[in-house]
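Some notes on the structure that comes next.
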Amino acid sequence: MRITGGERRGTRIEVPGARVRPTSDMVREALFSALADRIPGCRFIDLFAGSGVVGLEALSRGASFVCWVESSVHVLRVLKENVTRAITGDPLSATRSQVYRSDAIRFLEKGGLDGGAEPFDVIFADPPYDTDGSNAWLRKALKALEKTTMLAAEGLLVFEQAKKQPDELLSDAWQVIRDRTYGGTRVLFLRKS
């Protein structure tokens, strides 16, 4: 797998084992095409980061700061190696990136690990696919974000899930501004109402 766009295009990314399902090239290209105007200079979070490829795409395409959040120790080791490989030779990138070991929902509930940091413009979440809806990842993420100031006023939560995953009821506090399907993947773009 490789970064598909920006200044680090072509950089090789390792996938940390069979249990990690990286966002496909097709979905990443569609995602960053939709976000093209927002990425340069933005603050970006990659939740349930896995290989970190989505956050690395954001950094490569000009995000001012990228934060990766991953809970698995094994996956985190490969994620850190991927980030190091992608930023090698660019000393500014080291100050523009941070990797956290944390449960993604807990990270949101706490408003990030550093508390009152500057809000993020794009929060991308790609949790394990939940085809029966039992984990309710989207509902948990939205509920956590309603209680913090992590998401900027005009910021977006971009949520990747299985196409077959049942819809979750959203509170009136959120509006879906874009809903796209790419093969077996559905991507929702949500903004606070």
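From its DSSP helices (H runs of at least four residues, each -39,500 (n - 2.57)), the chain gives a residue-normalised ellipticity at 222 nm of -8000 deg cm²/dmol.
Our coupling estimate for the stretch 176-184, obtained by passing each phi through the Karplus curve with A = 6.51, B = -1.76, C = 1.60 and θ = phi - 60°, is 7, 9, 7, 9, 10, 10, 10, x, x Hz, Gly and Pro reported as x. Looking at (i) 9.8; (ii) 15.5; (iii) 10.8, which value of mean projected area of the Cα convex hull in nm² comes from a calculation on the structure shown? Structure-derived value, by its label: (i). Under 5 Å from the amide H of Lys163 lie the amide H atoms of Thr185, Arg186, each residue being 5 or more positions distant or on a separate chain, with H modelled from the backbone and absent for Pro and chain starts.
Per-residue packing, averaged as other Cβ atoms within 10 Å, sorts the ranges 10-16, 63-69 into the order 63-69, 10-16, beginning with the highest. With θ taken as phi - 60° and the Karplus curve 6.51 cos²θ - 1.76 cosθ + 1.60 applied, the whole-hertz 3J(HN,Hα) list for the stretch 44-52 is 10, 10, 10, 8, 6, 5, x, 5, x Hz, x standing for glycine and proline. Our note on the geometry: Cα centres of the stretch 1-69 and the stretch 116-193, 17 Å apart.
Bear in mind that the values in this text are calculations on the coordinates, not laboratory data. Please read all numbers here as calculations on a predicted model, not as lab measurements. As a convention, Cβ positions derive from the backbone with ideal geometry for all residues, glycine included, and neighbour counts pool all protein chains shown.
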